Amino acid sequence: MESVHRFSQRLFPISSLPDKCFKTCKSSTILKYPIFFLGSHSCNVLQQPTGPLSSGRFISNNRTYRSTSTTRRAGGWFLGLGGKKKEVMLPDIVKAGDPVLHEAAQEVPVDEIGSDKIQKIIDDMIMVLRKAPGVGLAAPQIGIPLKIIVLEDTKEYISYAPKEENEARDRRPFELLVILNPKLKKKNDKTALFFEGCLSVDGFRAVVERHLDVEVTGFGRDGSPIRVDASGWQARILQHECDHLDGTIYVDKLVPRTFRTVENLNLPLPNGCHKLGVR
Ligand SMILES: [Zn+2]
C-alpha cells in the first residue's frame with residue numbers, strides 16, 4: 001500500500017471523494033501468496049461483477065485514476081464471442097505503512113450506497129480481491145478510506161490447503177459478501193489461534209487470536225440492512241477486514257514472536273507460544 005496521500009480530510013459528501021481517495025500507482029503486483037492461503041496459486045480468470053450498477057468506467061472528477069494493473073474482462077473474451085478485448089484498469093493494493101491503512105475509515109452515508117461512485121468502488125474491490133486472489137479486502141486496501149468490505153471463499157481456494165488444516169480452521173466456502181458500515185460483535189468468549197496474512201503485508205504471516213463466533217450487521221450493496229452470523233475461518237476474515245476499517249492491520253495484534261515469512265511458515269513456534277487451534 002504505497003499511496004502517498006494522507007487521508008485526514010473528512011470525505012463527505014461523496015462527490016468530493018475521488019480526489020482524496022484514489023491512489024495512483026506506478027506498478028501492479030500480482031501476489032504469489034493469497035491472503036490466508038498457505039500455498040501459491042494463480043487465478044487466471046477474472047469474473048466481472050454483475051449488476052445494474054456495474055461499470056467498467058473509472059470514477060474520476062478532476063483527476064485521472066491511474067493504474068497499470070490491467071486484466072481482460074471475462075465477458076465476450078471468455079465466452080468466445082469475439083469482439084474487442086476490453087481491458088479493465090484496477091487499483092493496486094495499498095501496502096503497510098500507507099496512512100490510509102492506519103487511520104479509521106469513514107462510514108458510507110446510507111443514501112449514497114446506490115450511487116455510481118460507491119457501486120464502482122465495490123466493483124473494483126471485488127475485481128481486485130479476485131485478481132489477487134484473496135478471501136477478503138477492505139476499501140482502505142485500495143486507498144479508499146470508507147467502511148466497505150468484500151469477502152468470499154471458494155471450494156477452489158480451499159482446495160489448495162490440506163484437508164486437516166481446513167477442518168481445524170473450520171474453513172468452508174461461502175459466497176461473495178459485500179458489507180458497508182459493518183459492525184462486528186463477538187457472540188461468545190471462544191477464540192482461536194491461527195496464522196493469517198494480509199494482501200497489504202504480502203510475504204508474511206503471524207499468529208493472531210480471533211473470536212470464533214461473530215455477528216456482523218451492516219448494509220448490502222443494494223442499501224438494505226444485512227446481518228451475517230459467522231464462525232471459524234469466515235469469522236476470522238470478517239474480523240480481519242473490520243479491523244482494517246479501524247486502521248488496524250493484523251501485525252498490530254499478532255501474537256509476539258510468531259511473525260515470519262511465508263517460506264518459514266511451517267517452522268516450529270518459539271517456546272512458550274500457545275499451540276494453534278481453538279482455545
Ligand atoms: Zn488485510
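A few points about this structure:
- The single condition among (1) in contact (Cβ under 8 Å) with a residue 40 or more places away in the chain; (2) closer than 17 Å to Leu276 by Cβ; (3) within 15 Å of the ligand (Cβ to nearest atom) that Leu212 does not satisfy is (3).
- Qualifying residue in region 235-246 (condition: within 16 Å of the ligand (Cβ to nearest atom) and surrounded by fewer than 17 Cβ atoms within 10 Å (Cβ to Cβ)): yes
- Scanning region 182-204 for residues that are surrounded by fewer than 20 Cβ atoms within 10 Å (Cβ to Cβ) and away from the ligand (no atom under 16 Å from the Cβ) yields Lys183, Lys185, Lys186, Lys187, Asn188, Asp189, Lys190, Thr191, Leu193.
- Filter result (within 16 Å of the ligand (Cβ to nearest atom), more than 30 Å from Lys117 (Cβ to Cβ) and in contact with a helix residue (DSSP H, G or I) (Cβ under 8 Å, 6 or more places away or on another chain)) within region 247-279: Val251, Lys253, Phe259
- Taking region 89-123 as the range and being assigned to a helix (DSSP H, G or I) and in contact with a strand residue (DSSP E or B) (Cβ under 6 Å, 6 or more places away or on another chain) as the test, only Ile122 passes.
- Top-ranked residue in region 167-177 [being buried (at least 21 other Cβ atoms within 10 Å of the Cβ) and outside any loop (DSSP other than H, G, I, E, B); ranked as farthest from the chain's Cα centre (by Cα)]: Arg169
Where a number appears in this text, it was derived from the coordinates with a stated rule and is not lab data. What you see is a predicted model; the values in this text were computed from it and never measured. Because the Cβ atoms are built from the backbone with ideal geometry, glycine has one as well, and the counts that use them run over all protein chains shown.
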